[in-house]
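Got a structure for you, questions after.
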Amino acid sequence: MRHARTGFNTEGRLQGSLDVPLGADGLEQAELVAVALVAAYGPRLTVVTSPLARASQTADAIARLAGTVAIADERVTQRSYGVWEGHTWTEVREQWPAEYARRHEGYDPEITGWGASDAVGARVAEALVERCGASGDDDVVVVVSHGSAIMLGVAQLLGLQLVPSRLGHLDHGSWNELTLTENVGWRLTRYGVTGD
Amino acid sequence: MRRLFLVRHGETAWNVEHRLQGASDIPLNDNGRAQARAAAPALATLAPVKRIVSSDLSRALETAHILAEAMGAEVVTDARLRERSYGVWEGLREDVRQVDHADEHARWAQGLEPNVEGYEYNATVRDRALALIEEITAEDGTYVCVSHGSTTRVAVAALLGLELGSRALGNLGNAQWAELTQVGDGPWVLRSLNASSLSAASSTVDA
């Protein structure tokens, strides 16, 4: 699941590893999403979250409803946007036109501190494999993470090309559903479910 | 930008009985019609098209007409959106195939293609479905196709660059859809899959 929206999201500012908390509307969205998720999957959930506040606050809303506590996992944190963090896309386009164009075409820009797609995909996939592998049959594990991190981790698990992405951006508070079975392995059963 | 919605037909009696349909022409049941009616407003909002292209098999065609009514669209049929033919397996439940066609069922269960008479291979299904998709999406715009579980899975896998036999994508549920977009000559991107019905999230999507 992608975290609920923050003030930076509304302003169109890149967050990456910046720890921007949810505002009042984000907290409200998290509550709605938690209700939708529990309605869809029942209250018996294991909740794992990125340690960044916008994710952990979303995860806490779900965990409260499920009567559990969210577990933080650094591996599902957002990709770093390096020197672009805190800027709007308009500012990025003006100040880094060549690298913006590269990013716009779906490729990794060559800027200081950028989290490379293959590294991000690998760490998120590793966390999903480990967290879901440790769960029992019919268990539901909810992982609250971030736009790019989710796309890359899911693409890595499914064997989809990472760059340019073949998966579209998720709305805030929306989720994907993957199932893991012995016979088939990982399978994407839903993508882009909107909870609010 | 091109936006493509691939919709699976509503439920049929054979879906309920878990019998493979393939090219067999099995009509919607009442629940299937209700599923199509329930899906129509959301799809009409997302994809207000003037024309729906549908498989000519009646379960798809009736679904398309129900959806089209909500959009004020016309329906045209194209056999390239038909379900994969399962040949002599059509009408058979999995437990029957497992007993009567043990070797081929074992191949199929491993994700390989069965060698049974009349079975239509992945590459053939891809070729016909993609030919239709390329034809109708020649220009930017929004397009809606009503088709079938296996054919849409093969088409989506092909559009996303997955192996055709890949099991990485779940089947569409009845009256559910996949949305894909393409900008210019760029790659097709998956926007949503089985995402329209929250209440259905608690039920297993038929694999």
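For every residue, the table says whether it meets (1) surrounded by fewer than 17 Cβ atoms within 10 Å (Cβ to Cβ); (2) of a type in the set (Asp, Glu); (3) at pLDDT 95 or above.
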| residue | (1), (2), (3) |
| --- | --- |
| B:Ser55 | no, no, yes |
| B:Glu69 | yes, yes, yes |
| B:Arg80 | no, no, yes |
| B:Asp100 | yes, yes, no |
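Got a sec? Which of B:Val75, B:Val96 is surrounded by 13 or more Cβ atoms within 10 Å (Cβ to Cβ) and closer than 21 Å to B:Trp14 by Cα? Quick ask: steps written out before the conclusion?
On the way: B:Val75 fails: closer than 21 Å to B:Trp14 by Cα.
Being surrounded by 13 or more Cβ atoms within 10 Å (Cβ to Cβ) and closer than 21 Å to B:Trp14 by Cα holds for just one of B:Val75, B:Val96, which is B:Val96.
Something else about it: Specify which of the listed residues (B:Ala40, B:Ala109) is in the same structural domain as B:Asn15 (by TED's automatic domain parsing), among the small types (Gly, Ala, Ser) and either at pLDDT 95 or above or under 25 Å from B:Ala13 (Cα atoms) (or both).
On the way: B:Ala109 fails: in the same structural domain as B:Asn15 (by TED's automatic domain parsing).
Going through B:Ala40, B:Ala109 in turn, just one is in the same structural domain as B:Asn15 (by TED's automatic domain parsing), among the small types (Gly, Ala, Ser) and either at pLDDT 95 or above or under 25 Å from B:Ala13 (Cα atoms) (or both): B:Ala40.
Give B:Val144, B:Val88, B:Val125, B:Val99 a once-over and let me know the one that is touching a strand residue (DSSP E or B) at 6+ places or on another chain (Cβ under 9 Å) and either of a type in the set (Asp, Glu) or without any contact (Cβ under 8 Å) to a residue 60 or more places away in the chain (or both).
Working: B:Val144 fails: either of a type in the set (Asp, Glu) or without any contact (Cβ under 8 Å) to a residue 60 or more places away in the chain (or both); B:Val125 fails: touching a strand residue (DSSP E or B) at 6+ places or on another chain (Cβ under 9 Å); B:Val99 fails: touching a strand residue (DSSP E or B) at 6+ places or on another chain (Cβ under 9 Å).
Residue meeting the stated conditions: B:Val88.
Shifting gears a bit: Taking A:Ile111 as meeting all but one of (1) more than 11 Å from chain B (Cβ to nearest Cβ); (2) closer than 26 Å to A:Val69 by Cβ; (3) not acidic (Asp, Glu), write down the number of the exception.
Condition (2) is where A:Ile111 drops out.
Return the residue satisfying two criteria in turn: it lies in the stretch B:155-177 and is within 11 Å of chain A (Cβ to nearest Cβ) and aliphatic (A, V, I, L, M), and of such residues it is farthest from B:Val189 (Cα to Cα).
B:Leu172
Cβ contacts < 6 Å: first residue in contact (Cβ under 8 Å) with a residue 24 or more places away in the chain, restricted to the stretch A:86-103; second residue assigned to a helix (DSSP H, G or I), any location; separation 6+ or different chain. Result?
Going by the 6 Å Cβ cut-off, the qualifying pairs are A:Val92/A:Trp84; A:Val92/A:Tyr100.
Can I ask one more? Out of the stretch B:76-97, which residues are of a type in the set (Lys, Arg) and assigned to a helix (DSSP H, G or I)? Give the derivation first.
First, the residues of the stretch B:76-97 that are of a type in the set (Lys, Arg): B:80, B:82, B:84, B:93, B:97.
B:Arg80, B:Arg97 - these are the residues of the stretch B:76-97 that are of a type in the set (Lys, Arg) and assigned to a helix (DSSP H, G or I).
Another one. Do we find that A:Arg79 is of a type outside the set (A, V, I, L, M, F, W, C), farther than 21 Å from A:Gly168 by Cβ and crowded, with 19+ Cβ neighbours inside 10 Å in this structure? Steps first, please.
Values: of a type outside the set (A, V, I, L, M, F, W, C): yes; farther than 21 Å from A:Gly168 by Cβ: no; crowded, with 19+ Cβ neighbours inside 10 Å: yes.
No, not satisfied.
Answer yes or no as to whether A:Ala55 is part of a helix (DSSP H, G or I), in contact (Cβ under 8 Å) with a residue 40 or more places away in the chain and under 15 Å from the mean Cα position of the chain (by Cα). Write out each step before concluding.
Values: part of a helix (DSSP H, G or I): yes; in contact (Cβ under 8 Å) with a residue 40 or more places away in the chain: yes; under 15 Å from the mean Cα position of the chain (by Cα): yes.
So A:Ala55 passes the test.
Restricting attention to the stretch A:64-120, report how many residues are within 24 Å of A:Cys132 (Cα to Cα) and of a type outside the set (S, T, N, Q).
So the first thing to find is which residues in the stretch A:64-120 are within 24 Å of A:Cys132 (Cα to Cα), and the list is A:64-79, A:117-120.
Now narrow it down to the ones that are of a type outside the set (S, T, N, Q): A:64-67, A:69-76, A:79, A:118-120.
Total satisfying the criteria: 16.
The values are calculated or read from the model by the stated rules, or taken from the named source; none is laboratory data. Note that the structure is predicted; figures quoted are calculated from it, not measured. With ideal geometry, Cβ positions are generated from the backbone for all residues, glycine too; neighbour counts draw on all protein chains shown.
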